[in-house]
Structures are given as C-alpha cells and as structure tokens.
C-alpha cells in the first residue's frame, strides 16, 4: 500500500509546476483528478518539446500527467461548477495555479472552498506571490530565472547571463508545493482542519540559491565571480569544472591541487601549495589542467584518479547513461499506457518507501476521459 492511498486530489493546474506536484502525489498513492476545460483541456497538451507528440498530446503533457484521471468541466457553467464543488467537498487536496484573483471570480478561492470543506488543503502556485509590483506578470520559468539572479551562476566569466537548461523554477516550485501539502496534511491529522499552502516560482528559485545568496548577503554584497576557464561554480575553487580529454570530458570536483598534480603527473600544479590560491588563482590552475588533460583518454585519467578516491566522473550523454550498468541497477524507467494502448517510456518516482520503487502504469488521460466514471463514483 502506498502512503497516500485513500486521499483525493483535485488538480486544476496547467503547465508544469502544479501538475508536477499533483503527479508526485499520485506517485505516492493519491487519487488525482485533473480538472480541465472541455475539448482543449490543459494548455500543456499543445506545448511541445521538439514537436514530439503521442496520441494527439505533447510528450511534455504525458510526462507530467501520468497516473491521473481527467474530469472536463467549464467552470463558467453553473451546472458544471456545481459538480466541481461537489468534488471539492469530498477532496483532501486542491491544487491551482491561476493568476491571483482568477479563482476568487469563479468562487473557488481558498476562503470559499475551505468554508465548503474545512479539511481541505488548498495549494496554489503563482509566479511572484500575491502582492507587490510583479504580481500580475506572467509566471514563466525563464522569466523567473532571469529576475532571480540565477543566470549569473552558470557559464564562464565572459559569457553573459546563462539560464539553466531545465525549467528549474517550475520544478522547484512543484517540489516545494508537495512539501507544503504533506506538512499541511500532517497538521490536519492533529487539528482536523486543512490549510492554505502557497508557493511561487520566484521564491522557489531564490531558495534554490540559498547557499550562494546567503554568501552575497554576508560578504559585503559582492556579485558572483565566475571562473573564466571551465566554470562550474562561481563560488568554488579549482579544480571544480569539466575538462576535455582526448576522447571525451572529465569532471573534477573538490580536492587538493598538489595531490591532483601527483596523480595526473602534472608538474605544473606543484607550485599551488597554498589552499587560498586554489580560489584566487583558479583560472591559472584550470588553464594548466586544460592543457594537460587533453592529451590522454578519459579511461586513462579515471584509472589514476578513482584508484586514489579523488572526486571525479566521466561526463556522460544520455545514450551512455542508459547503457551503463549503474543506471540499469536503479530500475528508473517505466512504461505508462493509455486505455487505448498508446504508451510512453518515462522515468519513475525517485522516492522509495520501505525499499519499494514507486511505479504506476496509467498513462496521462485524454480530456474528459473519466467524466462518466467519476460522476458515478462520487454521486455527482
């Protein structure tokens, strides 16, 4: 039995942050009903990654909406809204990510629905919170990254701002929403009352930077200083970075520079005996490594470094990763299938409970696919 089995979650959210939170609750055993507009459904159904689609919907939609059922309802239609309110009265969790004020116009804001169902945990995702000059701006991942300072941490010193290649603001907001929901459910177990949980893309991407932003707040306000050579962190000393070898790339994490020089047979590193110089002169150190490492293969360098437990790794692409026995041992893939047989290979939930890997075979639903079954099951 999965830990959230028996809980009912209503997912009103679109795009990534809210639906990914609902997906994680489904992974953990909750019954998740995706409430979406008739015919077109979640906008994310038509938001494509490299134009790839399956059974009429984008693979992005399939990826973040597995293991849910779809209930199509026009929230501006009084008859539809009455049925949705009946579902809310039975639900444990409700997730929405409309702009501030939209749900209040419909009569589904936190105060209204918690009056209907005092045990409900009402969970919201916004772009920038519910007050301040940014409140009405679009809550989109790249835009949140750009306002947050995150883009000045990646890339080399001369690159200008570099966004992360993943929707990290969305993903972190979804993860934080799950944390808040689970905490509110624990509180409800003691008090009998639900709660309102709010997260925003901006606050989540700021929290992602808590280590470095705290440093900035306490070092006189210095801005991040990215390395000009193979930067992998604006705040860590050499050798931290990724280096080209004769046949690939090698990642080096933290470690003593003289010891690294001994292991690599690199005499040019012997002069850097003062640990303080490993940050102050990191570009000089990295330049020596760039020249030295390119003459031998990954296997050659790994044999020397791994035997000495020096922190390193080959830089693998997805083909190499999927073929590796280390990845296979994780059993990290699963196939999800729609009722019509359309299937998709995707990742599983990364959490294990009592050693059990949490997998589910139900694919993302078609719009309104489960209306009749849901109305019968819940008597609405």
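Values quoted throughout were computed directly from the atomic coordinates according to the rules given, and no laboratory measurement underlies them. Just so it is clear, the structure is predicted and the values come from calculations on it, not from any experiment. No Cβ is skipped: glycine too gets one built from the backbone with ideal geometry, and neighbour counts run over all protein chains shown.
Among 15, 327, 61, which one shows the highest mean-square fluctuation when the chain is modelled as a Gaussian network with alpha-carbon springs under 10 Å?
327
Please report how far the C-alpha centroid of region 140-188 lies from that of region 1-46, rounded to the nearest whole angstrom.
Each part's Cα centre sits 20 Å from the other's.
Plugging the Kirkwood radius over Cα pairs into Stokes-Einstein for region 317-380, at a temperature of 20 °C and a viscosity of 1.002 mPa s, what D comes out in µm²/s?
149
In region 280-299, which residues have a backbone nitrogen under 11 Å from the label point lying 7 Å from residue 266's Cα in the Cα-to-Cβ direction?
Within reach of a label on residue 266: 284-295.
Take residue 309 and residue 328, extend 7 Å from each Cα along the Cα→Cβ direction, and tell me the distance between the two endpoints in nm.
About 2.9 nm separates the two model spin labels.
For the pair residue 377 and residue 146, what calculated FRET efficiency results from E = 1/(1 + (r/R0)^6), where r is the Cβ-Cβ distance and R0 = 35 Å, to the nearest 0.05?
With a Förster radius of 35 Å, E is 0.20.
Just to confirm the number: angle between the C-alpha axis of helix 17-27 and the first principal axis of the chain, 0 to 90 degrees, nearest 10?
So the helix axis and the longest Cα principal axis differ by about 80 degrees.
For the chain, what relative contact order do you get, as a whole percent, if you take Cα pairs closer than 8 Å and at least 6 residues apart?
17
With springs only between Cα atoms under 10 Å, which of 42, 74, 170 fluctuates most in a Gaussian network model of the chain?
74
Contour minus end-to-end for residue 356 and residue 198, with contour as 0.36 nm per residue of separation and end-to-end as the Cα-Cα distance?
Residue separation times 0.36 nm, minus the Cα-Cα distance, leaves 53.8 nm.
Multiplying the sequence separation of residue 214 and residue 191 by 0.36 nm and subtracting their Cα-Cα distance, what value in nm do you get?
Full extension of this stretch gives 4.8 nm more.
Place the peptides 16-23, 338-345, 53-60 in order of packing, highest mean first, counting for every residue the other Cβ atoms within 10 Å and averaging per peptide.
For the peptides 16-23, 338-345, 53-60, the packing ranking is 16-23, 53-60, 338-345.
Of all DSSP beta bridges in the chain, what percent run antiparallel (nearest 5)?
Counting DSSP beta bridges with both partners in the chain, the antiparallel share is about 40 percent.
Against the longest principal axis of the chain, how steep is helix 282-293, in degrees 0 to 90 to the nearest 10, with axes from Cα atoms?
Its long axis makes an angle of about 80 degrees.
Could you tell me, in Å, what Rg and Dmax come out for the Cα atoms of region 246-380?
24.8, 77
Just to be sure I understand the model, the point goes 7 Å from the Cα along the line to the Cβ. What's the resulting residue 284 to residue 228 distance in nm?
Here the answer is 1.3 nm between the modelled labels.
What distance in nm separates the simple spin-label points at residue 300 and residue 156, each placed 7 Å from Cα in the Cβ direction?
Once both label points are built, they end up 2.3 nm from each other.
FRET efficiency for residue 81 and residue 179, Cβ-Cβ distance as r, R0 = 35 Å, nearest 0.05? Numbers along the way, then the final one.
Details: r = 30 Å, r/R0 = 0.87.
Once rounded, the FRET efficiency stands at 0.70.
Hey, how many Å between the Cα centroid of region 329-380 and the Cα centroid of region 238-312?
Using only Cα atoms, the two centres lie 45 Å from each other.
Over region 241-323, what relative contact order in percent results from Cα pairs under 8 Å that are six or more residues apart? Could the numbers behind the result be given before it?
On the way: 99 pairs, mean separation 34.2, N = 83.
It rounds to 41 percent for region 241-323.
Under 8 Å for C-alpha pairs, at least 6 residues apart: give me the relative contact order for region 1-79, rounded to a whole percent.
32
At 10 °C and a viscosity of 1.306 mPa s, what translational diffusion coefficient does Stokes-Einstein give for the chain, taking Rh as the Kirkwood radius over Cα pairs? Give it in µm²/s as a whole number.
Answer from the Stokes-Einstein relation: 67 µm²/s.
Of 88, 49, 285, which is the most mobile in a GNM of the chain whose springs link Cα atoms less than 10 angstrom apart?
Result for the chain, Cα springs under 10 Å: 49 fluctuates most.
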